[in-house]
Amino acid sequence: MIDRAFLLEEAAKMGITLTAEQAVLFDRYAALLVSWNEKINLTAITEPAQICDKHFVDSLLLWQAVELPAGAAAIDVGCGAGFPSIPCAIVRGDVEWTLLDSLQKRIHFLETVCAELSLPAAAVHARAEDAGKDAAYREQYDLATARAVANLRDLSEYCLPFVKVGGMFAALKGYEVEEELTEAARAIETMGGAFEGVEKFTLPDGSRRAIVKIRKVSPTPPAYPRTAAKMKKKPLV
């Protein structure tokens, strides 16, 4: 499906070392992604080289921006086809992932991928605003992440309730993220977060990525997260 040597080279350009065994798993993942994409809408990117750069290497930038200890728990909120969580799980099998998505069809895809690749991950069918108030998930994670889900203000309300005090929310965003950061300042503080920094990257294909890092410094108040309708009606600005 993909050119494994090309993937290894593109990852190496970003300082990411992959093994031949991991490249095999990425190849299987790509094949499943393209196959399932014919049945359900998972991605607009199906060309092998673009899958390598725009999905796989892009997702792995998370490990360039965030350090997690062995045995850490992480959650990918609104994970869609599994980015960034599944590539990150392929590279680091010591991190336990929860893959959260609101669409059952995508959950079936994620379960298939995790089973076939023997990944340390569990797919959960739920809305973020519901799971974020469930004691089984609330403030249980060392890391919460999301890619291309919503604006940073709303993402902070969705994601920070999952993070333990001392843990981190890392949002994979477009390169020009400063305006979003300003708009999200109140939401971040309200959710118990503190802005820690932005890591910026340029991928080998010229794509650009920013990873916003927010530290959880105090518990999220019980009233949050709210529903999407309430967020829209009364945004935290």
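None of the figures in this text is laboratory data; all of them are computed from the coordinates on show. Just so it is clear, the model here is predicted, and its values are computed rather than measured. Every residue, glycine as well, gets a Cβ built from its backbone with ideal geometry; the counts of neighbours run over all protein chains shown.
Where in the range 138-237 are there GluC sites (Glu not before Pro) that are in a DSSP coil and have at most 14 other Cβ atoms within 10 angstrom of their Cβ?
Working: sites: E139, E157, E176, E178, E179, E180, E183, E189, E196, E199; in loops: E139, E176.
Counting only loop positions with at most 14 other Cβ atoms within 10 Å, the GluC sites (Glu not before Pro) in the range 138-237 are E176.
Determine, for each peptide in 5-11, 202-208, 216-222, the mean count of other beta carbons within 10 angstrom over its residues, then list the peptides with the highest first.
Working: 5-11: 17.6, 202-208: 12.7, 216-222: 15.0.
Highest-to-lowest ranking by the protection proxy: 5-11, 216-222, 202-208.
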Percent antiparallel among DSSP beta bridges (both partners in the chain, rounded to 5): 45 percent
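Which whole-number percent gives the relative contact order of the chain, counting Cα pairs below 8 Å spaced six or more residues apart? Intermediate values should be presented prior to the final figure.
Details: 458 pairs, mean separation 38.2, N = 237.
It rounds to 16 percent for the chain.
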Helix 178-190 vs. the chain, principal-axis angle (Cα, 0 to 90°, nearest 10): 50 degrees
Length gained when the stretch L103-A194 is fully extended (0.36 nm per residue, less Cα-Cα span): 29.7 nm
Magnitude of the charge dipole, the range 4-233, Cβ model with Lys/Arg +1 and Asp/Glu -1, debye to 20: 600 debye
Residue-by-residue Karplus 3J(HN,Hα) for the range 222-237, coefficients 6.51, -1.76, 1.60, Hz, glycine and proline x: x, 5, 10, x, 8, 6, 4, 5, 5, 4, 5, 6, 9, x, 7, 10
Under-17-angstrom lysine pairs by C-alpha in the chain, whenever the two are 8 or more apart or on separate chains: 13
Under-5 Å amide H pairs with E196, H placed in peptide plane, nonlocal only: K213, I214, R215
Spatial separation of Cα centroids for the range 67-110 and the range 160-237, in angstrom: 18 Å
Cα-based Rg and Dmax for the chain, where Dmax is the largest Cα-Cα distance (Å): 16.9, 50
